[in-house]
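Visitor: Right, I'll just put the structure down here and ask away after.
The values are calculated or read from the model by the stated rules, or taken from the named source; none is laboratory data. Keep in mind it's a predicted model, so treat the numbers as computed, not measured. Every residue, glycine among them, receives a Cβ derived from its backbone with ideal geometry; neighbour counts consider all protein chains shown.
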């Protein structure tokens, strides 16, 4: 379910440049991702499966963003209410209430972090499976080409295999960018944990 390297949702990292933080994907960007179709007679990705995965992923990102937004809004409201209440009830130590609110926020952030890590592991596993299948197919086609006596057909097949391997390298770059995005999301969640 990994897209071809032509997906335009995240830029490929520059090899020589210092790593820059990758901006998290928005649900709209995930929904708008496009994939090129494979030529006839070649294996490719099931478009419906890719679309279902993208819908699921965009929903999960939207749910996560909404939960974080709600928690941040609730935290601001609680702090404001605590300040007002403390002003009215001079002498009450509001540290306990703030501590409880902070613990709830930290629990929510931890749950979101665990969920993001689980999704990243699933994406990595699927990527590894797809790449392994693609390499097996490339090796099989290369073996067929090598055993064929027609030089012209061998040259065409070799060109196709080289293009396939280049596509796989580009796909690996895209997956690395996605992993960085997940890492940035996890870092963002860890920042929310700090008071």
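Visitor: Would you be able to say whether some residue in the stretch 81-98 is over 30 Å from residue 133 (Cβ atoms) and at pLDDT 85 or above? Write out each step before concluding.
Guide: Within the stretch 81-98, the subset over 30 Å from residue 133 (Cβ atoms) is 81-98.
Of the ones still in play, those that are also at pLDDT 85 or above are 81.
Yes, the conditions are met somewhere in the stretch 81-98.
Visitor: Something else: Restricting to the stretch 12-58, name every residue that is over 27 Å from residue 161 (Cβ atoms), loosely packed, with under 12 Cβ neighbours inside 10 Å and either out of contact with any helix residue (DSSP H, G or I) (no Cβ under 7 Å at 6 or more places or on another chain) or modelled with pLDDT of 70 or more (or both).
Guide: Within the stretch 12-58, 14, 16, 17, 18, 19, 20, 23, 28, 48 meet the criteria.
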